[in-house]
Amino acid sequence: MQHLIQKIENTDWNSVAETMHQNGYSLIPELLTTAECEELKAAYDAPDMYRKTVIMERHRFGLGQYKYFHYPLPELIQQIRTRIYPQLVPIANSWFKALNIDRTFPLQHAELLKQCHENGQKLATVLILKYGKGGFNTLHQDLYGDVYFPIQMVLFLSEPEIDYTGGEFVLTQQVPRSQSKAIVLKPKKGDLLIFTTNFKPEKGTKGYYRTVMKHGVSELHDGERVTLGIIFHDATS
C-alpha cells in the first residue's frame, strides 16, 4: 500500500492538470502493480463486496457486466479515491469558474460525500466491469444525481493484446457547429486514466464555452477485459 501512496504523491499533478485542461483526459501509467490488478480481478466473484450487478444488454448499455461495490470500499480503492480527489479539485473548480457555474467543490472527499447524502445520494458508485468477446459499452456519462464531480477515473486491470484484443477506450467530444471528435485510447494493465465526467471548458473567441464529452468501450475481438471505474460522487440507486 505504501508504494501506491508514494506513487500518488510523486505524480506530477501540474502536468496532469495541464493535460486535463487541454484534452479532457490524462493518463498515469503503472499506478497499480500486476499483483494488485490480479487481486482486484480475483474479487469479482465475491458477492459480499457488491451491492448491485448490471447485465448491460438488458438495459441496452452494451454487452458485458458490471458490479457496484458497497461501502465500506476495499482499502486499496478507498486510498486511491480519497488521496487523488484533492488533486483534482483545483481542476474542477477552475472549469466551473471558467464556465461561470456557481459551484465550488470542497477540498476533502468526505465533504463532497456529505453533500451527496444531503441530496439523497448515499450509494457507492465505484464499479468493476467485465467484457468478453463481442462486449462493448455505449457512449454515456456517469452523473447519478444532481450532485456530481466533473472528473472520474478508470483503472485498467487487463493487458491489451495479451488478455484481449479490441476493446479500446473511446471518448467523444462535441465540436460546436461541426461533427463530434472521437478519441481512442488503449492504456496498459495498471494504468489509471483520469477524464471528464461530462464536459470541459474550451476557449473560443468570446470566452469559454462548454464542450460535452462522453465515453464508452469499442467491441472486443477476443479475450476478457476488466476495468475498475472510480466515480467520486454517490448515487440514488
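Inspection of the stretch 172-181 finds a residue satisfying the criterion of being in a strand (DSSP E or B) and either modelled with pLDDT of 95 or more or buried (at least 16 other Cβ atoms within 10 Å of the Cβ) (or both).
Just to verify a result, which residue in the stretch 3-32, among those that are of a type in the set (S, T, N, Q) and under 19 Å from T82 (Cα atoms), is surrounded by the most Cβ atoms within 10 Å (Cβ to Cβ)?
Let us first name the residues in the stretch 3-32 that are of a type in the set (S, T, N, Q), namely 6, 10-11, 14-15, 19, 22-23, 26.
Next cut, under 19 Å from T82 (Cα atoms) only: 6, 10-11, 14, 26.
Details: Q6: 10, N10: 8, T11: 16, N14: 10, S26: 23.
Filtering the stretch 3-32 for residues that are of a type in the set (S, T, N, Q) and under 19 Å from T82 (Cα atoms), the one surrounded by the most Cβ atoms within 10 Å (Cβ to Cβ) comes out as S26.
Applying the criterion of being at pLDDT 95 or above and acidic (D, E) to the residues of the stretch 182-237, the residue that is surrounded by the fewest Cβ atoms within 10 Å (Cβ to Cβ) is D222.
Among the criteria (1) without any contact (Cβ under 8 Å) to a residue 60 or more places away in the chain; (2) surrounded by 15 or more Cβ atoms within 10 Å (Cβ to Cβ); (3) not β-branched (V, I, T), the one L76 does not fulfil is (1). Among the residues of the stretch 10-29, those that are more than 16 Å from the chain's Cα centre (by Cα) and touching a residue at least 40 places away in the same chain (Cβ under 8 Å) comprise T11, W13, H21. Once the stretch 115-132 is narrowed to residues that are charged (D, E, K, R) and touching a Ser or Thr at 6+ places or on another chain (Cβ under 9 Å), the residue that is surrounded by the most Cβ atoms within 10 Å (Cβ to Cβ) is K130. The number of residues in the stretch 123-132 that are touching a helix residue (DSSP H, G or I) at 6+ places or on another chain (Cβ under 8 Å), in a strand (DSSP E or B) and of a type in the set (A, V, I, L, M) comes to 1.
Which one of these does R81 not meet: (1) more than 27 Å from I183 (Cβ to Cβ); (2) in contact (Cβ under 8 Å) with a residue 12 or more places away in the chain; (3) part of a helix (DSSP H, G or I)? Every condition holds for R81 apart from (1). Inside the stretch 46-72, residues that are assigned to a loop (DSSP other than H, G, I, E, B) and either surrounded by fewer than 15 Cβ atoms within 10 Å (Cβ to Cβ) or within 16 Å of the chain's Cα centre (by Cα) (or both) make up a count of 5. Would you say I194 is assigned to a strand (DSSP E or B), over 18 Å from L88 (Cβ atoms) and not charged (D, E, K, R)? Considered against the rule, which asks whether it is assigned to a strand (DSSP E or B), over 18 Å from L88 (Cβ atoms) and not charged (D, E, K, R), I194 comes out as no. Of the residues making up the stretch 84-114, those that are touching a residue at least 24 places away in the same chain (Cβ under 8 Å), in a helix (DSSP H, G or I) and surrounded by 15 or more Cβ atoms within 10 Å (Cβ to Cβ) are I84, Y85, Q87, L88, I91, A92, W95, F96, A98, H109, L112, L113.
Results for (1) assigned to a strand (DSSP E or B); (2) over 25 Å from A182 (Cα atoms), shown as yes or no for each residue.
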site	(1), (2)
Q121	no, yes
G134	no, no
L143	no, no
Q152	yes, no
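The values are calculated or read from the model by the stated rules, or taken from the named source; none is laboratory data. Note that this is a predicted model, so its numbers are computed, not measured. Note that each Cβ is placed from the backbone with ideal geometry, even for glycine, and that neighbours are counted across all protein chains shown.
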